[in-house]
Amino acid sequence: LEAVILRDIRYHAQLIQAEEQAVISRVFRMQNKNNEQLIERYQTNIHSGKERLKEIDSLYPKLFEEKQRGNITAAVFKKLMSDYEAEQEKIQTQTDALSKELSTLEKNLQEIPKWTDAMKKYTSIQTLTRNIVLELIDSIEVSEQYIKDGSKQQDIIINYKFVGNMGRKRIADKN
């Protein structure tokens with residue numbers, strides 16, 4: 001596992017050293033492609049939520065008028081007001097959460113140069129240390145072993161800080 005991580009860091013660092021702008025463009029396209037649909041869905045849901053909040057706000061005066069005219073009872077008025085307030089609170093909470101997620105996704109796209117700057121220091125890395133892992137990597141996912149073409153294999157996904165997954169690695173043991 002350590003050798004795979006070390007090789008991957010060295011590979012990306014050397015690639016960045018040789019073609020930094022091309023790597024930044026590629027990572028930006030990868031992240032944008034992965035996040036494009038998610039960003040669009042978040043924006044649509046935020047817009048829908050805000051529209052519904054405006055709609056509910058406009059219902060309050062109408063509801064009050066209906067109560068004043070005697071068209072609805074105080075109990076019905078109270079129930080509807082309570083329902084609208086609960087819906088508003090729920091929508092506001094969801095909209096706030098989506099806005100925060102959207103900001104995070106957009107911020108991540110702007111942080112690609114931080115990743116390239118950090119990686120450039122390790123073009124000739126020989127030893128993987130805890131500090132290097134903490135600086136560069138968010139998480140590492142290791143699959144269960146499986147047999148393919150007569151050899152034991154495992155997939156490894158390295159999620160780098162600022163850019164996430166840069167591709168699946170495979171360890172094959174031909175025993």
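The values are calculated or read from the model by the stated rules, or taken from the named source; none is laboratory data. Bear in mind that the values here come from a model prediction, so they are computed numbers and not experimental data. Cβ sites come from the backbone with ideal geometry, for glycine too, and all protein chains shown count toward neighbours. Surface accessibility is based on the protein's heavy atoms, side chains included, excluding ligands, DNA and RNA. Shrake-Rupley method; radii C 1.70, N 1.55, O 1.52, S 1.80 Å.
At-a-glance table
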{"item": "Single match in Gln110, Gln126, Gln94, Gln88 (criterion: modelled with pLDDT of 85 or more and within 24 Å of Ile9 (Cβ to Cβ))", "result": "Gln126"}
{"item": "Any pair with Cβ under 7 angstrom, 6 or more apart, that starts in the stretch 146-160 at a residue that is at positive phi and of a type in the set (S, T, N, Q) and ends at one that is assigned to a strand (DSSP E or B) and modelled with pLDDT under 85", "result": "none"}
{"item": "Subset of the stretch 138-175 (residues that are of a type in the set (Val, Ile, Thr), modelled with pLDDT of 85 or more and out of contact with any strand residue (DSSP E or B) (no Cβ under 6 Å at 6 or more places or on another chain))", "result": "Ile147"}
{"item": "Check on Leu128, open to solvent by less than 70 Å² (accessible area, probe 1.4 Å) and assigned to a helix (DSSP H, G or I)", "result": "no"}
{"item": "Residues of the stretch 1-48 that turn out to be of a type in the set (S, T, N, Q) and touching a Gly at 6+ places or on another chain (Cβ under 9 Å), as a count", "result": "2"}
{"item": "For Ile56: the one exception among (1) open to solvent by 70 Å² or more (accessible area, probe 1.4 Å); (2) closer than 30 Å to Leu98 by Cα; (3) over 22 Å from the mean Cα position of the chain (by Cα)", "result": "(1)"}
{"item": "Qualifying residues in the stretch 72-103 (those that are among the polar types (S, T, N, Q) and surrounded by fewer than 11 Cβ atoms within 10 Å (Cβ to Cβ)) - the one nearest to Leu38 (Cα to Cα)", "result": "Ser82"}
{"item": "Verdict on Ile39 being in a helix (DSSP H, G or I), modelled with pLDDT of 95 or more, at negative phi and open to solvent by less than 70 Å² (accessible area, probe 1.4 Å)", "result": "no"}
